[in-house]
Structures are given as C-alpha cells and as structure tokens.
1. Could you list, in sequence order, all residues of the range 27-53 that are part of a loop (DSSP other than H, G, I, E, B), touching a strand residue (DSSP E or B) at 6+ places or on another chain (Cβ under 6 Å) and surrounded by 17 or more Cβ atoms within 10 Å (Cβ to Cβ)?
2. In the range 10-49, which residues are basic (Lys, Arg) and either over 18 Å from the mean Cα position of the chain (by Cα) or closer than 20 Å to residue 77 by Cβ (or both)?
3. Going through the range 66-83 one residue at a time, which ones are under 10 Å from residue 37 (Cβ atoms) and either away from the ligand (no atom under 16 Å from the Cβ) or not basic (Lys, Arg) (or both)?
4. Please count how many residues of the range 34-48 are of a type in the set (Ser, Thr, Tyr) and near the ligand (Cβ under 9 Å from one of its atoms).
5. Among 63, 53, which is within 16 Å of the ligand (Cβ to nearest atom), of a type in the set (A, V, I, L, M) and modelled with pLDDT of 95 or more?
Amino acid sequence: MPDSLFIYKKAVWLASLELGYDVQLESVLPYYTSKLHYGCEGVLTRQSGQYDVAPCKKCGRRVDSHANAAKNIASLTGTLLSYDSFPSTHVRGHT
Ligand SMILES: [Zn+2]
C-alpha cells in the first residue's frame with residue numbers, strides 16, 4: 001500500500017466526477033502482478049533498463065508491462081476502502 005492513501009482517494013474522487021459514476025477504491029496484494037503475463041501465466045523476463053515492454057517466457061509475445069499489471073490487478077479480489085469526498089471536510093488548525 002502506498003504511503004499516502006490520501007492521494008489515491010483524491011484520484012478516485014476525481015475519476016468519479018469525470019466518469020459520472022462512483023469509482024471504488026480497493027486494496028490488493030501486489031505479488032506477481034508485474035511478473036506474470038495476464039491470461040497466459042507465463043513469466044515476464046524484464047532486462048535491466050527495460051520497464052515498459054517485457055518478453056513472455058511462455059508465449060514469446062512482447063508484453064506492455066503497465067497494461068499487463070493493470071489487468072492482473074483488476075482481476076484480483078481486493079479489500080474495499082472507504083470513499084471520501086473532496087474538498088476535505090477536515091478543519092485545518094489555524095496557527
Ligand atoms: Zn505469455
């Protein structure tokens with residue numbers, strides 16, 4: 001989980017406004033989400049300095065590692081996190 005949940009909650013709030021429906025925020029375990037080829041389960045072998053595209057050891061395709069990780073993450077069962085509205089209703093202290 002990121003250090004600052006706030007920024008993700010704010011992004012979800014903005015996405016909800018833009019899309020016109022409530023986007024839900026879930027926490028998932030990140031293990032292997034960037035290492036396995038979605039739908040194929042082959043191992044992606046990234047070489048040093050190669051972040052965006054990785055060849056799959058099983059099917060040989062060159063995989064967009066970002067889109068692949070997003071598909072893996074979306075396929076996982078997550079823990080629903082609370083929804084916050086912005087601007088924040090928290091009162092700032094005056095100093
Ligand atoms: Zn593959």
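1. If the condition is that a residue be part of a loop (DSSP other than H, G, I, E, B), touching a strand residue (DSSP E or B) at 6+ places or on another chain (Cβ under 6 Å) and surrounded by 17 or more Cβ atoms within 10 Å (Cβ to Cβ), then 37, 42 are the ones that fit.
2. Our first condition is that a residue be basic (Lys, Arg); within the range 10-49, this holds for 10, 35, 46.
Selection gives 35, 46.
3. Initially, the range 66-83 is screened for residues under 10 Å from residue 37 (Cβ atoms), giving 68, 71-72.
Residues satisfying the conditions are 68, 72.
4. We begin by selecting, within the range 34-48, every residue of a type in the set (Ser, Thr, Tyr); these are 34, 38, 45, 48.
The next check asks that each one be near the ligand (Cβ under 9 Å from one of its atoms); those that pass are 38.
Residues that pass the stated criteria total 1.
5. On the way: 53 fails: modelled with pLDDT of 95 or more.
Among 63, 53, only 63 is within 16 Å of the ligand (Cβ to nearest atom), of a type in the set (A, V, I, L, M) and modelled with pLDDT of 95 or more.
The values are calculated or read from the model by the stated rules, or taken from the named source; none is laboratory data. The shown structure was predicted, so the numbers you read here are calculated from the model rather than taken from an experiment. Because the Cβ atoms are built from the backbone with ideal geometry, glycine has one as well, and the counts that use them run over all protein chains shown.
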